[in-house]
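Remarks on the structure that follows.
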Amino acid sequence: MSAHTSGQPTGDSDLSSGPGQAAPSADGTPGAAEGATKVIDGSGRSAHRFWSSRRIPAALAALLSAVAVGFLLYDVVAVRAGWNAMRWRRRLAEELATRPLDDVWMIVGAAVAMALGLWLFLLAVTPGLRRLLPMRRPTGIPGTEVVRAGLDRRAAALVLRDRAMQVPGVQSAQVDVGRRKVKARARAHFRDLEEVRADLDAELGEAVTSLGLARQPTLAVRVRRPKKG
C-alpha cells in the first residue's frame with residue numbers, strides 16, 4: 001500500500017539511506033529503522049496476523065464437492081437398486097481404463113486437479129488479509145487481553161506521507177508500507193539532501209513507532225532532487 005503526493009519539478013540528484021538509519025523518537029523510543037522486531041504485543045504474547053474468513057472460496061469448494069458427491073452417491077444407490085449406471089460414470093470408467101498416462105487430456109486433468117488442490121491448501125494454511133497490520137495490545141487495562149486491533153496499510157501510508165510532507169524542503173513524498181518494511185521516497189526542492197534525509201529519518205522513525213504496530217517495520221528513506229522540466 002502506498003501514498004503519494006507530487007509537486008513542481010526543478011532539478012535532479014539523488015540521495016538515499018538504507019534500512020536501519022532512523023533516529024530515536026523524542027521520548028527515547030528507538031526509531032522504526034533499527035530492524036524489524038519480533039511480533040510481540042504489549043502483553044508479551046505473539047501477535048498473529050488476522051485470518052480471513054474466505055467465505056466465497058469455502059462456499060464454492062463446498063458447493064462443488066456437494067454436487068460431485070451427490071451425483072456419485074445417487075448413481076451408486078441406483079446401481080445397488082438394480083438400475084444401470086449413468087452414462088457419464090460408464091464413460092469415465094472406460095476412459096480411465098483405456099487412455100494411456102501420457103495422453104494430453106490425462107495430463108491436463110491431473111494439472112487442473114493439482115492446481116485446485118494447491119490453491120485450496122494455500123487458502124487453508126495462510127492467514128490472508130495482508131492489508132491489515134496487527135497492532136500492539138494495551139497493557140494494564142482489564143479486559144483488553146481479548147481485544148485485537150489492526151491498522152490498514154493504506155491508512156498507515158497516508159499518515160506517514162503526511163508526516164513526511166511536514167519536513168522542511170520536501171516537495172513531494174511517496175510512502176509504501178509493507179508488513180516488514182516501510183519505503184519512503186521524497187523529492188527535496190531546497191535544503192541540503194543530507195539534512196532532508198536525516199530529518200525524514202527522524203520524523204518517519206518516530207511516526208512509525210507511534211503507529212503502535214506489533215511488528216516494528218524497518219525504514220528505508222530515499223531523497224532526490226526533482227527532475228528539470
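The values are calculated or read from the model by the stated rules, or taken from the named source; none is laboratory data. The structure displayed is predicted, hence computed values, not measured ones. Cβ: placed from backbone, ideal geometry, glycine included. Neighbour counts: every protein chain shown. All accessible areas refer to the heavy atoms of the entire protein, side chains included, with ligands and DNA or RNA removed. Shrake-Rupley method; radii C 1.70, N 1.55, O 1.52, S 1.80 Å.
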- The one condition in (1) open to solvent by 80 Å² or more (accessible area, probe 1.4 Å); (2) assigned to a helix (DSSP H, G or I); (3) out of contact with any strand residue (DSSP E or B) (no Cβ under 9 Å at 6 or more places or on another chain) that Arg154 fails to fulfil: (3)
- Message: Report every pair of residues separated by at least 6 positions or lying on different chains whose Cβ atoms are under 8 Å apart, first residue within the stretch 62-78 and of a type in the set (Asp, Glu), second outside any helix (DSSP H, G or I).
- Response: Asp75/Ala85; Asp75/Met86
- Task: Please indicate, with yes or no, whether at least one residue in the stretch 80-101 is in a loop (DSSP other than H, G, I, E, B), open to solvent by less than 50 Å² (accessible area, probe 1.4 Å) and acidic (Asp, Glu).
- Result: no
- Restricting the stretch 164-182 to residues that are in contact with a strand residue (DSSP E or B) (Cβ under 6 Å, 6 or more places away or on another chain) and open to solvent by 20 Å² or more (accessible area, probe 1.4 Å), which is farthest from Arg154 (Cα to Cα)? Gln171
- Task: Please determine, by comparing only the residues of the stretch 188-201 that are acidic (Asp, Glu) and within 30 Å of the chain's Cα centre (by Cα), which one is least open to solvent (accessible area, probe 1.4 Å).
- Result: Asp201
- Query: Thr139 versus (1) in a helix (DSSP H, G or I); (2) hydroxyl-bearing (Ser, Thr, Tyr); (3) surrounded by 11 or more Cβ atoms within 10 Å (Cβ to Cβ): which is the lone unmet condition?
  - Reply: (1)
- How many residues of the stretch 110-136 are open to solvent by less than 80 Å² (accessible area, probe 1.4 Å) and within 20 Å of Ala62 (Cα to Cα)? The answer is 10
- Message: Looking at the stretch 203-229 only, could you name the residues that are more than 13 Å from Met165 (Cα to Cα), in a helix (DSSP H, G or I) and open to solvent by 30 Å² or more (accessible area, probe 1.4 Å)?
- Response: Glu206, Ser210
- Determine the pairs where a residue that is over 17 Å from Val69 (Cβ atoms), located within the stretch 86-99, has a partner that is open to solvent by less than 100 Å² (accessible area, probe 1.4 Å) with Cβ atoms under 8 Å apart, the partner being 6 or more residues away or on another chain. Arg99/Met106
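Can you give me the number of residues within the stretch 121-171 that are of a type in the set (A, V, I, L, M) and modelled with pLDDT under 90?
The number of residues fulfilling the criteria is 13.
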- Message: Please verify whether Arg55 is exposed (fewer than 10 other Cβ atoms within 10 Å of the Cβ) and at pLDDT 80 or above, treating the condition exactly as stated.
- Response: no
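Looking only at residues in the stretch 22-52 that are among the small types (Gly, Ala, Ser) and at pLDDT 50 or above, which one is surrounded by the most Cβ atoms within 10 Å (Cβ to Cβ)? Please lay out each step first, then the result.
Let us first name the residues in the stretch 22-52 that are among the small types (Gly, Ala, Ser), namely 22-23, 25-26, 28, 31-33, 35-36, 42-44, 46-47, 52.
Right, trim to at pLDDT 50 or above and you get 46-47, 52.
On the way: Ser46: 10, Ala47: 21, Ser52: 14.
Applying the filter and picking the extreme gives Ala47.
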- Query: Arg185 versus (1) under 30 Å from Arg54 (Cα atoms); (2) assigned to a strand (DSSP E or B); (3) open to solvent by 70 Å² or more (accessible area, probe 1.4 Å); (4) charged (D, E, K, R): which is the lone unmet condition?
  - Reply: (1)
